[in-house]
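Nothing in this text is a laboratory measurement; each read-out follows from the coordinates by a stated rule. All values reported here derive from a predicted model rather than from experimental measurement. Don't worry about glycine lacking a Cβ; one is built from the backbone with ideal geometry, like all the others, and counts go over all protein chains shown.
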Amino acid sequence: MKLVEIVVGAAITAFVLWGLVAFANRMVATAASLNGRLNAIASADRLVERLATDAASAWNVSAPSPSEIDFFSEDGSHRPYQWSYRFDSTLQTVTRSSGEVFSAIGGFTASNADVTDLANPTAVAYDPLLRSSTVTSAPGNTFVAVHLLGTGVDRAEFFASGAAPTNFTVVVQYTPSPTPLVTATPAPLR
């Protein structure tokens, strides 16, 4: 074997090894990115599910600041209680007042909205599906619009209390019960 053949073989081997190392490095980076994206999506899904459940049982839902949502209700003894969710931009987490933490939330914005905002293209809570609808506001018909951001996450969600009043009326048509049948009073036994 000549020296030239050995040098060419070593160069080809080094080039193939470099290609394999670069490929493995790229695969690890892609897997890490995908893992971060899946964690963010799962965390956002858990947060939205928890917010929807809390809103359904609350008497009032409000956003006192863009990084906070407050819920108010009362227990069976009519004692009021309150719980909240707060966003920490440095930690990229949303924390419930009970201590539950939702991580991988890169952005969180909460704002109070009226139902008329759903049809208003300039409002934060605008929904294109409702752009041509006529929406009438009623006292208490407010909700909270939440915008969540994260790796692979860009969601807008709306939360209203379960006790929010509406102008929705259901007219039920039914067959009335028959009139009572009058019978003679039986004579007592002696």
> Taking the Cα centre of the chain as origin and charging only Cβ (+1 Lys, Arg; -1 Asp, Glu), how large is the dipole, in debye to the nearest 20?
Replying inline: 440 debye
> So what is Rg over Rh here for the chain, counting just Cα atoms and using Kirkwood for Rh?
Replying inline: 1.41
> What are the residues whose amide H is under 5 Å from the amide H of N120, where those residues sit 5 or more places off or on another chain and H is modelled from the backbone?
Replying inline: D127
>> Helix 3-57 against the longest principal axis of the chain: what's the angle in degrees, Cα atoms only, rounded to the nearest 10?
In response: 10 degrees
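Once fully extended, how much extra length lies between R79 and A14, figured as 0.36 nm per residue of separation less the alpha-carbon to alpha-carbon distance?
Working: separation 65, 0.36 × 65 = 23.40 nm, distance 7.41 nm.
Length gained, R79 through A14: 16.0 nm.
What number comes out for the charge environment of L149, summing +1 per Lys or Arg and -1 per Asp or Glu over other residues with Cβ under 13 Å away? Display every interim value, and only then the final one.
Values: positive: R37, R155; negative: D154, E157.
Spelling it out: positives minus negatives among the neighbours equals 0.
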